[in-house]
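One structure below.
The values are calculated or read from the model by the stated rules, or taken from the named source; none is laboratory data. Keep in mind it's a predicted model, so treat the numbers as computed, not measured. Every residue, glycine as well, gets a Cβ built from its backbone with ideal geometry; the counts of neighbours run over all protein chains shown.
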């Protein structure tokens, strides 16, 4: 019975996936201390923000389990993956219930480029430091539902149970507390900021103690820069964010081998205290003191992400994120339930309740067996009545113009006004945002807030200033720099030019909120339309005058 329901048995294993460290495993002792650690490489697709190959994931899990002689059977696995998406929503009515807020969060996520193709598995919670008493502010995060189901199936085939899933953002915050790096800031109501650098850009969290006050993300193609260019690009992009913060201290965490947190912290123009954390190849010693049973060469590999993840329901943060516990903040479940028989998962507790209920209801079900035919007849009649009612409701709906397929004039008018308003805002933003040495060569805006801008510039700084101005003017449009290259031509001509004009501006750029697939489809459609127009013109010129008319 103990093995069947998991009472007092099974091991708790903590798996962490990150682009820099691959797959990490931590096993805890009963007193909470780290018992063993293992690590193996694992590719991560940072563009899609998902594990690159799930067959490789299966092999990596089997490898780390085997390295520490852990039998996956009867093992509860707690997983932490890189943050896929994080955002906030302000100005919600106080009277909205949790289901309504969940629908709003899903609507926001479906507008992002990641969740346009894959269903999100969201988690939201209230902004605990919001001062606005007239409305409600929330933060939300999400992962791909399909990815979690795939991981759950892989672990189930190995005999393990996926008990919880969190993301790296919250694990990193807990890791900063456990290592003592930001314990002082998180234990008080101090205003401080956290800057996390990875291969795709950086994120800045404005914090008040252990509670999130604000979030800012800046995508940067760091792999396209060389040497000091990386630090200059990050410094220029982060300067505006630092100007609007009132933080007393800044913690800089680098999760990429491309950037040294120490060198970056020395270049950033931040007036308060700066603390750097090397979570990459530049780290020279472990982040915290670890048990002696972990080898010295392994101790320096343990990431900040893994350190924070192995401390789940610790109370360090006011919110414990668990994506498979529920889609709302209040519906998140604990990974385990303490009972007089030991720790059990909510699923196994449910099984126990079902067994007990079956024992109690058995005699009643046996008695009901003798009246089965009569009950079946009544059920059949009820089903027939329900079918007739449903059919009549559909007929009434079709006759009165109601239902899911009915045309709504107000909704159509609102959609048209929204599209036109977006286009007008885009034209206004261009006029207000363009610097002196920026020249636009192409601009289009269409339905669904799709924008595409091309141009040339005298310097990279002009492009980023123009980009930041656009983002500040066109909020919630998810603009990004899809292209920033040097114009083809003679390098001597570009270097010797003393003034920036349309003809000699050395850099070309493209700013859009379309995905790569949407851009390609859009450009292909324009090309096909141009070909059709040329063919029509050729046909008209080759016809007699009467036919042409």
Every residue from the stretch 167-202 that is assigned to a strand (DSSP E or B) and surrounded by 20 or more Cβ atoms within 10 Å (Cβ to Cβ):
167, 192, 193, 194, 195, 196, 197, 198, 202
Kindly evaluate residue 478 against the criterion of being under 30 Å from residue 216 (Cα atoms), assigned to a helix (DSSP H, G or I) and at pLDDT 75 or above.
no
I'd like to know if the stretch 495-504 contains one or more residues that are closer than 29 Å to residue 422 by Cα, outside the structural domain of residue 244 (by TED's automatic domain parsing) and modelled with pLDDT of 80 or more.
no
Cβ-Cβ under 6 Å pairs, at least 6 apart or on other chains, the stretch 102-116 side outside any loop (DSSP other than H, G, I, E, B), far side at pLDDT below 90 and buried (at least 17 other Cβ atoms within 10 Å of the Cβ):
102/327; 102/328
Matching option when the condition is in contact (Cβ under 8 Å) with a residue 60 or more places away in the chain and at negative phi, among 20, 67
20
The residue that is surrounded by the fewest Cβ atoms within 10 Å (Cβ to Cβ), considering only those in the stretch 239-271 that are assigned to a helix (DSSP H, G or I) and in contact with a strand residue (DSSP E or B) (Cβ under 7 Å, 6 or more places away or on another chain), is 262
Give me a count of the residues in the stretch 32-78 that are under 26 Å from the mean Cα position of the chain (by Cα) and not in a helix (DSSP H, G or I).
18
Six or more apart or on different chains, Cβ under 6 Å: which pairs go from a residue in the stretch 351-362 that's assigned to a helix (DSSP H, G or I) to one that's surrounded by 11 or more Cβ atoms within 10 Å (Cβ to Cβ) and at pLDDT below 80? Could you list them?
352/5
Looking at this structure, is residue 24 in a helix (DSSP H, G or I), at pLDDT 90 or above and surrounded by 13 or more Cβ atoms within 10 Å (Cβ to Cβ)?
no
Within the stretch 322-334, identify whether any single residue is at pLDDT below 85, surrounded by fewer than 11 Cβ atoms within 10 Å (Cβ to Cβ) and part of a helix (DSSP H, G or I), and answer yes or no.
yes
Would a scan of the stretch 362-369 turn up a residue that is outside the structural domain of residue 251 (by TED's automatic domain parsing) and modelled with pLDDT of 80 or more?
no
Here is a check on your reading of the model: is residue 462 at pLDDT 85 or above and either more than 20 Å from residue 201 (Cβ to Cβ) or more than 26 Å from the chain's Cα centre (by Cα) (or both)?
yes
